[in-house]
Each structure stands twice: as structure tokens, then as C-alpha cells.
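A short worksheet on the structure shown next.
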């Protein structure tokens with residue numbers, strides 16, 4: 001049994017508690033939150049779980065092997081570092097930290113102590129995103145573009161911009177499904193309310209190959225959209241997270257170039273382009289709850305001392321992109337190079 005403590009019982013904490021409580025390999029020992037009324041709601045449903053407003057009680061319990069952190073981004077680093085120094089593995093809500101330097105320090109501390117760091121990139125554990133990765137890597141051929149839209153009306157955050165809140169999902173999915181890493185970022189955005197962070201943002205990611213990636217996030221849209229389009233030389237795929245069943249649709253469509261056609265003159269060049277319109281296929285998907293699968297993997301990694309799919313390095317890569325995008329936005333969309341990726345133990 002792996003002893004677990006959950007810190008933060010606000011928006012996401014109840015989902016962590018519910019899934020940890022359902023895992024037979026977990027002894028859910030503590031839930032900590034600074035708001036007493038939240039803990040009161042928990043007591044009736046999970047009477048065997050100890051509740052506290054004192055974080056030290058969680059860190060000082062020798063039977064706690066791992067801590068899950070679901071608190072504001074600004075607190076992630078301090079809480080995760082305290083947990084690691086207390087000998088606990090950590091599962092941290094997204095984004096892993098507020099800066100890349102903080103993420104690097106957490107990874108180094110965990111490696112030094114032989115502990116696990118996982119970041120809550122929930123979507124990569126869904127059946128839809130797993131299938132998206134499979135399709136991209138086996139069916140699309142050369143990937144031409146990756147275009148994602150994640151917009152809705154609200155939910156406004158007071159401490160992070162729409163980019164640090166919503167784009168994290170798309171960047172973590174992109175990191176998981178593509179075989180390439182971006183080398184540079186350019187971004188533009190806008191805050192329409194004085195004193196608040198940006199509520200609209202557009203990110204462009206540049207690669208060493210002929211791949212283009214674009215992410216649009218927005219808290220001011222009249223409708224909710226969660227859609228990603230990926231086009232390749234062989235096929236194209238659409239991932240629509242709001243579809244009730246056919247979240248992944250693979251299209252046998254594309255553009256072909258006739259190498260035997262005449263090359264002289266613009267009109268003739270245009271005529272060399274051909275279009276292929278084949279069938280659409282919607283594969284069957286695993287409907288296992290992503291968070292449950294993610295936490296089960298985290299606990300197994302704590303037991304075995306292995307790295308999770310979304311480890312600290314994955315969280316660091318996303319934060320580096322967000323930092324570069326933030327810097328680009330401050331400079332009016334200037335291209336910002338990403339630092340060379342470090343190799344950790």
C-alpha cells in the first residue's frame with residue numbers, strides 16, 4: 001500500500017481524492033486545505049481519511065509515501081520541494097511550476113533522492129489522445145501542421161493568463177503525440193480588463209522540419225470548442241474532445257503533386273496539384289477515466305521507482321514553451337528561441 005496525502009481540496013482536489021480512494025493499492029491518509037468548510041464536506045464521505053489545515057502534518061507522517069498537490073500555480077514549487085525533502089514522491093497539478101528554473105530544481109531534487117515527480121497532464125491519458133498519437137505516428141506520413149483551438153466563455157483565473165491555464169493542455173498533448181520538439185515560439189495576446197492577465201492568446205511553434213503548429217486559447221468565446229486538426233502527407237485527423245463518441249476521425253484525404261506534369265509557368269504549376277478524397281474512419285476508443293488511469297500509473301511508478309508518462313521533464317518542456325511565449329508576447333510577437341533540452345538522470 002502506498003500512503004498518499006492530497007494538498008488542496010478546491011476545484012480539482014475532490015477528483016484526486018475520489019480516484020485515489022478507488023485505488024486498492026492506495027492508503028489515502030490525509031487531505032489538507034486551508035478552508036475548513038471544504039474539509040467538512042469531505043469528512044462525511046471519507047470518514048477514514050484524516051483532514052487538516054496544517055501541511056506539516058502531511059509531510060511529517062512517515063506512512064505518507066506520495067503527495068498530490070492541487071493548489072495555485074504560485075505554490076507548486078514550494079510545496080513540491082518540501083514534499084521531496086520530506087522523502088515523498090509528488091504529483092503536481094498543471095503547469096508543474098511557475099518557471100522552468102523551478103521545474104529543473106524539482107527534477108534534480110527528485111533524482112537525487114530516488115523519488116518520482118509527475119505532472120497532471122490528464123489529457124494524454126485519454127483514449128482519444130492515445131489514439132491520436134497512434135494515428136499520427138503510423139498513418140499520417142510526414143506531418144505538415146498541428147492546429148488546435150481551445151476556447152470558451154470563462155472560467156477566468158486571477159493568478160494565471162489564459163495561456164498558462166488552457167494552452168497547457170494543448171502543449172502537453174502536442175508534446176506527447178508528435179515526434180518533434182519545437183525550437184522557437186512566437187505569441188500574441190491581449191487582456192481586455194485592467195489589471196487582469198491575458199484572456200486571449202495565439203501561439204505559433206516553429207520546428208526544424210517543415211511542421212507548423214498553432215494554438216489558439218480564449219476565455220471570451222461565445223461557444224465552447226475543443227478541437228485539434230493534424231494534417232500529413234498521407235492522411236489527416238481531427239480530434240474533437242466535445243464529441244460524445246467519435247472524438248477521433250481519420251480522413252483519407254490530401255493533396256498530391258504529379259511529378260510528370262510540366263513545371264514551366266504558374267498556371268501549369270497549379271494544375272500539377274491533385275486532390276485525394278477518400279473515406280473517413282472513426283476508431284473505437286478506450287473510455288477509461290483518464291485521471292484514474294493517470295493516478296494508477298503514478299502509484300505504480302512510486303512502487304517500482306520508474307518514470308511516469310508525464311514526468312518532470314515533460315512538465316518542464318511545457319513550462320519552457322509558456323515562458324518563451326510569454327516573453328514573445330511582451331515583445332509584440334517576436335520569435336523566441338527555446339533553450340536546448342537538458343538530459344536528466
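The values are calculated or read from the model by the stated rules, or taken from the named source; none is laboratory data. Keep in mind the model is a prediction, meaning the values are calculated, not measured. So basically every Cβ, Gly included, is an ideal-geometry build from the backbone, and we count neighbours across all protein chains shown.
Quick notes
- Residue within the range 224-237 that is surrounded by fewer than 16 Cβ atoms within 10 Å (Cβ to Cβ), more than 30 Å from residue 281 (Cα to Cα), out of contact with any strand residue (DSSP E or B) (no Cβ under 6 Å at 6 or more places or on another chain) and at pLDDT below 95 present: no
- Test: residue 267 is in a strand (DSSP E or B), more than 30 Å from residue 12 (Cα to Cα) and modelled with pLDDT under 95: no
- Condition met for residue 137 (in the same structural domain as residue 196 (by TED's automatic domain parsing) and more than 25 Å from residue 338 (Cα to Cα)): no
- Here residue 119 clears all of (1) surrounded by fewer than 22 Cβ atoms within 10 Å (Cβ to Cβ); (2) within 14 Å of the chain's Cα centre (by Cα) except the condition numbered (1).
- Boolean, residue 325 is over 15 Å from the mean Cα position of the chain (by Cα) and surrounded by 22 or more Cβ atoms within 10 Å (Cβ to Cβ): yes
- Of all residues in the range 230-254 being within 17 Å of the chain's Cα centre (by Cα) and touching a residue at least 40 places away in the same chain (Cβ under 8 Å), the one that is farthest from residue 192 (Cα to Cα): 239
- Across the range 56-78, the number of residues qualifying as under 17 Å from residue 20 (Cβ atoms) and in contact with a helix residue (DSSP H, G or I) (Cβ under 9 Å, 6 or more places away or on another chain) comes to 9.
- Within the range 46-56, tally of residues that are free of Cβ contacts under 8 Å to residues at least 40 places away in the same chain and within 30 Å of the chain's Cα centre (by Cα): 7
- When the range 80-106 is filtered for residues that are under 18 Å from residue 341 (Cα atoms) and touching a strand residue (DSSP E or B) at 6+ places or on another chain (Cβ under 6 Å), the ones remaining, listed by number, are 96, 106.
- Test: residue in the range 40-52 that is surrounded by 17 or more Cβ atoms within 10 Å (Cβ to Cβ), touching a strand residue (DSSP E or B) at 6+ places or on another chain (Cβ under 9 Å) and part of a helix (DSSP H, G or I): yes
- Among the residues of the range 238-252, those identified as part of a loop (DSSP other than H, G, I, E, B) and surrounded by fewer than 19 Cβ atoms within 10 Å (Cβ to Cβ) are 241, 242, 243, 244, 245, 246.
- If the condition is being surrounded by fewer than 20 Cβ atoms within 10 Å (Cβ to Cβ) and part of a loop (DSSP other than H, G, I, E, B), then the range 141-170 contributes 141, 142, 154, 155, 156, 157, 158, 159, 160.
- Residue within the range 115-134 that is over 16 Å from residue 241 (Cα atoms), touching a strand residue (DSSP E or B) at 6+ places or on another chain (Cβ under 6 Å), assigned to a helix (DSSP H, G or I) and at pLDDT 95 or above present: no
- Selection of the range 294-317 for residues being under 15 Å from the mean Cα position of the chain (by Cα) and in a helix (DSSP H, G or I) yields 294, 295, 312, 313, 314, 315, 316, 317.
- Here residue 34 clears all of (1) over 21 Å from residue 297 (Cα atoms); (2) assigned to a helix (DSSP H, G or I) except the condition numbered (2).
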